[in-house]
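Enquirer: The structure follows.
The values are calculated or read from the model by the stated rules, or taken from the named source; none is laboratory data. Quick caveat: nothing in here was measured; it's all calculated off a predicted structure. All Cβ positions, glycine included, derive from the backbone under ideal geometry; neighbour counts span all protein chains shown.
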């Protein structure tokens, strides 16, 4: 399969088996079981299937934790949908389009109050997100998708002048869904590293948004807080900027001193 090694998180050895295609093409969970008895195989398979009925941390629904297809610092890309069918369609598409998707946010620091990140879904979107914060806002002013004043109100409190280096950097691949706009929705997850944080203001592309499972944001707590932005089909654009303003009673000290020995 062209581009197959680029889909791997790690490669134990260069051999393949019957699960290779399902994993590389659809990000499908698959098993190779070596067993000395039929009973052992049945017991292991039942246990593996039972795991799929749990709700994992940072997930809104029961099921295997396969909806998140990429992460870099505080920003993650995940499948969209309120039903298993919707999430499956979205997940398959995003998994195959990862080579064209970039995303980045702030590096984890003790800086408080604001969390920001961006996701580009096309080459045009990657060009929009190049440069420092002021350059990006100036470039987006004529674009009706973005509220430049809303973005400026957040970036004025942002402790960084630019986003971190975007990830991932995969080789382009060929295929029916390996290029073009995202058609089945997109979820962007933004991490706030304080479990006791109060989320005060949530913006998508500079616009204030409300809580919604299908077209807005949701919160998932412990550990930390994940602000999940749901962007439905036909609303996924070339690029999106997500942000939230929060407050927390927790104070974390920066730096390293003699008392740390």
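Enquirer: Taking the stretch 175-205 only, how many residues are under 22 Å from residue 116 (Cβ atoms) and either surrounded by fewer than 21 Cβ atoms within 10 Å (Cβ to Cβ) or out of contact with any helix residue (DSSP H, G or I) (no Cβ under 9 Å at 6 or more places or on another chain) (or both)?
Expert: 16
Enquirer: Of all residues in the stretch 21-40, count the ones that are touching a helix residue (DSSP H, G or I) at 6+ places or on another chain (Cβ under 8 Å) and loosely packed, with under 14 Cβ neighbours inside 10 Å.
Expert: So the count comes out to 4.
Enquirer: Name the helices (runs of 4 or more DSSP H) wholly within the stretch 41-152 that hold at least 3 residues that are assigned by TED's automatic domain parsing to the domain that holds residue 165 and crowded, with 21+ Cβ neighbours inside 10 Å?
Expert: Where helices (runs of 4 or more DSSP H) fall fully within the stretch 41-152 and carry at least 3 residues being assigned by TED's automatic domain parsing to the domain that holds residue 165 and crowded, with 21+ Cβ neighbours inside 10 Å, they are 84-97.
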